[in-house]
Protein chains: 2
Amino acid sequence: MVTVNKNYLKLQGNYLFSTIAKKVAAHQKENPEAEIIRLGIGDVTQPLAPAILKALHKAVEEMGNVETFRGYAPEQGYEFLRNTISEQDYRARGCEISPEELFISDGAKSDCGNIQEIFGTDNRVAVCDPVYPVYVDTNVMAGRTGNFNQERGNYDGLIYMPCTESGGFIPEIPREIPDLIYLCFPNNPTGTAITKPQLQEWVDYANRIGAVILYDAAYEAYISNPELPHSIYECDGATECAIEFRSFSKNAGFTGVRLGFTVVPKNLKRNGAGLWDLWERRQGTRFNGAPYLVQRAGEAVYTPEGRQELSAQVSYYMENARIIREGLEGAGFTVYGGIDAPYIWMKTPENMGSWEFFAYLLEKANVVGTPGEGFGACGEGYFRLTAFGDREKTKQAIERIRQIESIRK
Amino acid sequence: MVTVNKNYLKLQGNYLFSTIAKKVAAHQKENPEAEIIRLGIGDVTQPLAPAILKALHKAVEEMGNVETFRGYAPEQGYEFLRNTISEQDYRARGCEISPEELFISDGAKSDCGNIQEIFGTDNRVAVCDPVYPVYVDTNVMAGRTGNFNQERGNYDGLIYMPCTESGGFIPEIPREIPDLIYLCFPNNPTGTAITKPQLQEWVDYANRIGAVILYDAAYEAYISNPELPHSIYECDGATECAIEFRSFSKNAGFTGVRLGFTVVPKNLKRNGAGLWDLWERRQGTRFNGAPYLVQRAGEAVYTPEGRQELSAQVSYYMENARIIREGLEGAGFTVYGGIDAPYIWMKTPENMGSWEFFAYLLEKANVVGTPGEGFGACGEGYFRLTAFGDREKTKQAIERIRQIESIRK
């Protein structure tokens, strides 16, 4: 008789965003007239930029011609894309990351989930609290945690690093010694950015204890402060301890196009094994490459036209962030993030529970956000709004929140 | 100090097709003038059909317009595609598979590798020998096997089901009792199809012992005999014991476009857990949906134009199969497959080793095939050729093999 992976049974309820989607659908069904505004899930709303559309149409043409048709892509990704990324995302910032160290994929969510497979199940995992749920859930599913502790509201066996208001939402070095450390900056969900000296401390710490940092830089395009690092490889010694994840979802609007990449430096070795070799084997065995069309679209992101168009798109979203931040501050809320990241992390009024605040906003204002508790116990009392909405709807949403807030008060 | 997944260290050499690619590249480098013909990897060569190109261009347009832009796809896939598949691939053949039971993905290779995650690592796995290496390697990586046994040429702890000439390349029920049974029909690499009564035996057996069959039907479009089953769900009781994988790679030329799906029936339960729920959770947590563009391309496969154009494409490849089969038979080779499958499984002449025959064909004829041993110990003495090449090159390849064979004799 076959057995199932019992680790799955430890998982709590549903994936956060599925739960929210169901609650919103139920509300819409009960209130068919309601014009719901979604600032919950971090999904983009602006159309693909002209340079990308042009590249896609061209690649479709190529796929229709026997001379230029492409079958299986190289599992690591086409060189035209890896060369471009190496040059423009890394060498241009002084990071010696070669095209061979880049692995093109269908997105950072897949890679963040898949990477843990190359490590032993005995490793101790450290995550920020609040945290993007994928880091936690994939480790639960792999058996690196104990059961969910209902009292504490998190999993036994994981090392949680609280990111609190008093610490500026930057985690402190944990008391227990971890083997794998997940960091995400600019941060989802708190919208906090990390400085280079702060990140260097983590790199030095990981090298000292032999840990590996899994660094999610999916939001680097939203950094406005020129002093902040876009890649962990801007820190000394990072190629000896860090794997970095990047996404095209937010800088180029590819949430429905699917493209990302992972950097595994050749220098990165543990127990005598090269992590590059393990990841190369993992991808070669379990992945068949990102679509040719999509890789050409990715290449267009780096052209002068693409850069210009996408810089305008990022500015559009960051103007939304400003509107949300200033609007909520004006209404008396305490608000973080939204300057070097597309997320606004607001405190709920008068210590209202975050799911309670979710229900309140949905019910009274028809506005959807994400309850902080969905990201971990330390997210309780906070609420995440995203800047990825349409401008007018974002303005309306903030206006509605201001109105209900003035009534509530 | 972090530890790596030591199961990876049990893996033998490289992924088969990477090894072949390297050997071919080395031969090309030494012989820059050589016109190498590749009938090795199962990669298609015909361009995308006009109906698919049209759907792709239209979807690109939609992605460029704010009103029709699409962000994150539903993790299980768009309903427009799942409804079509349910109707045309299943209900039209009398199989009650609902759209809810379909999970759209980036391809069958990913799904075949990912599916094992929802099962315990204590399950005993049965695979055919020869076999598509992904089934074996992903289970090695997950820790469901012992070490590689150099003497036997396979892994300890796996149940190998020999598929031999005398058994018509159909496996027999194994003596040891398995929990997970991988079957692939029409078969890669042997090109053998299974009859409905033969498949029914496996379904009955799995239901009797509580095993789950992982059924790879990636090549169903190549079945020419109308009596043969295209889906395992044509067998009674299969929704209680089988998961099916399908691909758009070979019926629609999507090897570089990436689309597939997995069927997990709601009826399928083990240890009180619904496998549908586990897989839904797995995909929801670790996958972000197939690209909208690609799902629209998949939908076009089922339109009247798409069906007609792709039927012509399959016929083109099957004419190649006929040319290979008859050409080799005419040259005195013993040949199997190529009638209900795009693969030709030939015996090497005079018991030549399959890697030796690989080197011989590459060296003397500049033709690339796949050594049977690469698919398992029982593949020794066989060689796989694929029908996915260009017509003229396929003819040339067979002509070259006939010529060197007449010299060798």
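The values are calculated or read from the model by the stated rules, or taken from the named source; none is laboratory data. As the structure is a computational prediction, the values presented were derived from the model and not from experiment. Neighbour counts are summed over all protein chains in view; Cβ atoms, including those assigned to glycine, are modelled from backbone coordinates with ideal geometry. Each accessible area value is taken on the protein alone, full model and side chains, heavy atoms only, with ligands, DNA and RNA left out. Shrake-Rupley method; radii C 1.70, N 1.55, O 1.52, S 1.80 Å.
A few comments on the model shown:
- Mean ellipticity per residue at 222 nm, deg cm²/dmol - from DSSP H runs of n ≥ 4 across chain A, formula -39500 (n - 2.57): -11500 deg cm²/dmol
- Distance between the stretch B:302-335 and the stretch A:28-51 - C-alpha centres, whole angstrom: 47 Å
- For B:Lys22, the solvent-accessible surface with a 1.4 Å probe is about 120 Å², rounded to the nearest 10.
- Ranking A:Ser315, B:Ser247 by solvent-accessible area of protein heavy atoms (1.4 Å probe, all protein chains present), from largest to smallest, gives A:Ser315, B:Ser247.
- Gain upon complete extension [B:Glu363, B:Ile407; 0.36 nm per residue less C-alpha separation]: 14.4 nm
- Number of partner chain Cβ atoms within 10 Å, mean per residue of A:81-87: 0
- Exercise: per-residue mean of other protein chain Cβ atoms within 10 Å, B:65-76: 5
- Rounded to the nearest 10 Å², the accessible area of B:Leu228 at probe 1.4 Å: 10 Å²
- Per-atom-type breakdown for chain A gives carbon and sulfur 47% of the accessible area (1.4 Å probe, protein chains only).
- Taking every protein chain into account, the accessible area of the stretch A:52-304 amounts to 31 square angstrom per residue (probe 1.4 Å).
- Qualifying GluC sites (Glu not before Pro) in the stretch B:1-52, DSSP loop, other Cβ atoms within 10 Å at most 15: B:Glu33, B:Glu35
- The charge dipole of the protein assembly as shown, taken about its Cα centre with unit charges on the Cβ atoms of Lys, Arg (+1), Asp and Glu (-1) only, comes to about 40 debye.
- Calculated FRET efficiency for the pair B:Thr19/A:Asn83, C-beta based, R₀ 22 Å, to 0.05: 0.30
- Both chains summed, the buried accessible area for A and B stands near 6800 Å², from protein heavy atoms and a 1.4 Å probe.
- Out-of-range pairs (alpha-carbon distance over 20 Å; input A:Lys109/B:Lys22; A:Lys54/A:Lys109; A:Lys109/A:Lys395; A:Lys6/B:Lys269): A:Lys109/B:Lys22; A:Lys54/A:Lys109; A:Lys109/A:Lys395
- Label point distance in nm, A:Lys6-B:Arg91, each placed 7 Å from Cα along Cα→Cβ: 4.1 nm
- Estimated FRET transfer efficiency (B:Gln308, A:Glu67; beta-carbon r; R0 30 Å; 0.05): 0.80
- Number of partner chain Cβ atoms within 10 Å, mean per residue of A:250-259: 5
- Pairwise centroid distance, computed over Cα atoms, of the stretch A:118-132 with the stretch A:77-116, Å: 22 Å
- Alpha-carbon gyration tensor eigenvalues x 5, square-rooted, for the protein assembly as shown, Å: 46, 27, 27
- For chain A, the fraction of C-alpha pairs more than 28 angstrom apart is 49%.
- Shielded by partner chains, the stretch B:271-292 residues - at least 40 Å² of accessible area, 1.4 Å probe, vs chain alone: B:Asn271, B:Leu278, B:Arg281, B:Thr285, B:Arg286, B:Asn288, B:Pro291
- Working from Cα pairs under 8 Å separated by at least six residues, relative contact order for the stretch B:52-302 is 26 percent.
- Loop-located trypsin sites (Lys or Arg not before Pro) in the stretch B:250-343, at most 16 other Cβ atoms within 10 Å (DSSP): B:Lys266
- Gap separating the Cα centres of the stretch B:180-252 and the stretch B:1-16, nearest whole Å: 31 Å
- For B:Gly274, neighbours were defined as the other residues whose beta-carbon sits under 15 Å from its Cβ, and their charges (Lys and Arg +1, Asp and Glu -1) total +1.
- 3J(HN,Hα) along the stretch B:102-116, derived from phi through the Karplus expression 6.51 cos²θ - 1.76 cosθ + 1.60 where θ = phi - 60°, amounts to 9, 10, 6, 9, 8, x, 5, 4, 4, 5, 4, x, 6, 4, 5 Hz, with x in place of Gly and Pro.
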